[in-house]
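For reference, the structure is listed below as structure tokens.
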Amino acid sequence: MPGQGETEEDHEQQKSKKPADTAFKQQRLPAWQPIITANTALPVFLIIGLTFIPIGIVLVITSERVLEHDIDYTDTNCMSTTAANTTCAQALENANYTGQTCTCRINFALDKSFDGDVYFYYGLINYYQNHRRYVRSRDDNQLLGKEGAAASECQPFQKNSTGSGKDYAPCGAIANSKFNDTLSLLYGSENVSVTNVGIAWSTDKAVKFKNPDNASNYFTSTHDKPPNWKVTAWELDESTSENNGYQNEDFIVWMRTAAMPTFRKLYRKLLRNSTFQNGLPKGDYTLVVTYNYPVTSFAGRKQFIISTTSWMGGKNPFLGWSYIAVGIVCMITFVVFFILHKTWKIQNRPPM
Amino acid sequence: VSPKQKAEVVELIKRSTDDITLAVGDGANDVGMIQTAHVGVGIMGREGVQAACASDYTIGQFRFLTKLLFVHGVWSYRRLCKVLLYSFYKNICLYVMELWFAFHNGFSGQILFERWTIAIYNVLFTAAPPMALGLLDRCCSAETMMRFPAMYKMSQNRSDFNIKVFWTWCLNAVYHSIILYFMSYAMLRHDVAYSNGQVGDYLLLGNMIYTYVIFVVCLKAGLESDSWTFLTHIAIWGSIASWFLFFIIYSNIWPTIPLAPEMRGMAKYVFSSLYFWLGLLLIPITALLADFIYNW
């Protein structure tokens, strides 16, 4: 018979098996039970609509204020100054891509002055920097200036196996395909002053890319330049000695592989002195291209882009129009459900 | 009645109907029946513990059976369904984006997000919301469920998890992934996300989208919750915070720790881009708008 036969220990043992009587263990936690009613949902839509539409308008206007001028210089625009009646693209093809150079001059006009800071980009179309085999073809340890063999991910641009047997510096397909056209602007006959400082991410330049010790020896004798490069990494910038090797800013910008097959990369920034103090004045310009980079074999296209920026960035009205669109949808939802709510309320009123 | 006969009765019902059977007993002679039934409930105490040991659920007294069924049974059914559907939803939402990205990278198999952020997605950033849904969510309080036993019916007609519901959630996940990916893609089409004219790379886009996904997925868990306890709040807001914290730390470890060179500097550049913040306000709200209306 239980009860009388239980000892103190049995009783305590049975007591200790019972779960604690806390709110958490007994599923009694206080909870907010949100039920979305018309009174809570309608204000939400109204608020969203009333905030998004003005934000969208501001963003669209901001984007409209950004000025941009694109010049596609892949083929027909860029006629060789040396060979008659051939485009630079054809000139490279005729020389079988053995590293020929072609120059061309393109005249264009800016019908509005580009006030403020002006940025120059090169744009590539149908260029898949986001291809998986391409993205992994790099050696970040080598880019830190560390000793050691180039990583195997860089293959087939790891070392010069047919020639000297030395490692490529920098190795990999991304480095090998570095953009090497030279683009400069003339305003009438005056050179447009530009700078190539500050085009790369500051963290990249400070932390991720470091030249090894004894850099000139490293780049010129102990390692080879990548097969598609005309000069070694140590000779990339003749005018500024710090801008060479792995720390060359054009190189760093190129190594940041773009997300989409149509992309642009920052090339130069306007130096605002003398004639260009306020930006690029309205008028006639000439783009001087040293055409080294062949893209026609894969139906790629090259562009030179002149753009100002806004407090947000470049010229892209998408975000502004999206805000407006979503705001309008919310307002319409608000109005529709408001009307439904009112009519339903009237219909459901109990008879007097 | 012998134990074997008790088990055979249950077996007969199981074979001749489509119903789920439950057997409750307290003695050693009930063990056979408890094990044969779909759900076996043992009563611990008067006649020993054999029945309790062999059962799926153990209760202290026979009268607790009503609470087990009408409160915990219904809660458990609804919670399990939500956790199941939500787990499919959050994974489809993130990983289908790799398919959309494949259209833009020549189907080369390049991933949009960094590999460890993908791996830790289920382990850390979206682990807490389904746990909150599964452990704490309830449509009504225990008293209400006991007072209106007819509410038990809502767990008896396959309403919370069936083929139609499952595919609706999957399509919902695909819809969210389309909005999240393509709106972010269009937002950063021209690459220049900074007033100083600099451009980003594929991971800049990837990390922005990843942040938006965490927001959408965690808030979706909140939208599906019928009751927000303080632990639910911690699960949802804490998950989002854990991603921000991880992101900041992860963006700063190379080259001190030889891991993730491609992430170096990401947090700084994502957070300093106004496109990111404006997109954060717009894109998750756009994704969840339809869900909000539907739940209403």
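The values are calculated or read from the model by the stated rules, or taken from the named source; none is laboratory data. Keep in mind the model is a prediction, meaning the values are calculated, not measured. Here the Cβ is made from the backbone with ideal geometry for all residues, glycine too, and neighbour counts use every protein chain on show.
If you go through segment A:260-304 and pick out every residue that is within 14 Å of chain B (Cβ to nearest Cβ) and among the aromatic types (Phe, Trp, Tyr), you end up with 3. In segment A:15-65, of all residues being among the aliphatic types (A, V, I, L, M) and outside any helix (DSSP H, G or I), the one that is farthest from the other protein chains (Cβ to nearest Cβ) corresponds to A:ALA20.
For segment B:114-127, a residue qualifies if it is more than 21 Å from the chain's Cα centre (by Cα) and within 20 Å of B:CYS218 (Cβ to Cβ), and exactly one does: B:GLU114. Looking at segment B:24-123, the helices (runs of 4 or more DSSP H) lying wholly inside it that each contain 2 or more residues that are within 30 Å of B:TYR152 (Cβ to Cβ) sit at B:31-36, B:50-54, B:64-67, B:74-104.
Within segment A:110-164, being surrounded by fewer than 20 Cβ atoms within 10 Å (Cβ to Cβ), under 23 Å from A:GLU249 (Cβ atoms) and of a type in the set (Gly, Ala, Ser) holds for A:GLY116, A:GLY145. For segment A:168-188, the set of residues classified as at pLDDT 90 or above, under 23 Å from A:ARG132 (Cα atoms) and in contact with a strand residue (DSSP E or B) (Cβ under 8 Å, 6 or more places away or on another chain) consists of A:TYR168, A:CYS171, A:ALA175, A:ASN176, A:PHE179, listed by residue number. With respect to being within 28 Å of A:THR51 (Cα to Cα), crowded, with 18+ Cβ neighbours inside 10 Å and assigned by the TED database to the domain that holds B:VAL174, B:TYR269 fits the description.
From the list B:LYS153, B:LYS164, B:LYS220, the one residue that fits, being among the charged types (D, E, K, R), in a helix (DSSP H, G or I) and surrounded by 15 or more Cβ atoms within 10 Å (Cβ to Cβ), is B:LYS220.
You will find that of A:THR40, A:THR87, A:THR74, the residue that is in contact with a strand residue (DSSP E or B) (Cβ under 7 Å, 6 or more places away or on another chain), free of Cβ contacts under 8 Å to residues at least 24 places away in the same chain and not small (Gly, Ala, Ser) is A:THR87 and no other. Can you pull out the residues in segment B:180-194 that are touching a residue at least 60 places away in the same chain (Cβ under 8 Å) and over 20 Å from the mean Cα position of the chain (by Cα)? Residues satisfying the conditions are B:TYR181, B:PHE182, B:MET183, B:SER184, B:TYR185, B:MET187, B:LEU188, B:ALA193, B:TYR194.
Is one or more of the residues making up segment B:224-234 surrounded by 23 or more Cβ atoms within 10 Å (Cβ to Cβ), within 14 Å of the chain's Cα centre (by Cα) and either among the polar types (S, T, N, Q) or more than 8 Å from chain A (Cβ to nearest Cβ) (or both)? Yes: segment B:224-234 contains one or more residues that are surrounded by 23 or more Cβ atoms within 10 Å (Cβ to Cβ), within 14 Å of the chain's Cα centre (by Cα) and either among the polar types (S, T, N, Q) or more than 8 Å from chain A (Cβ to nearest Cβ) (or both).
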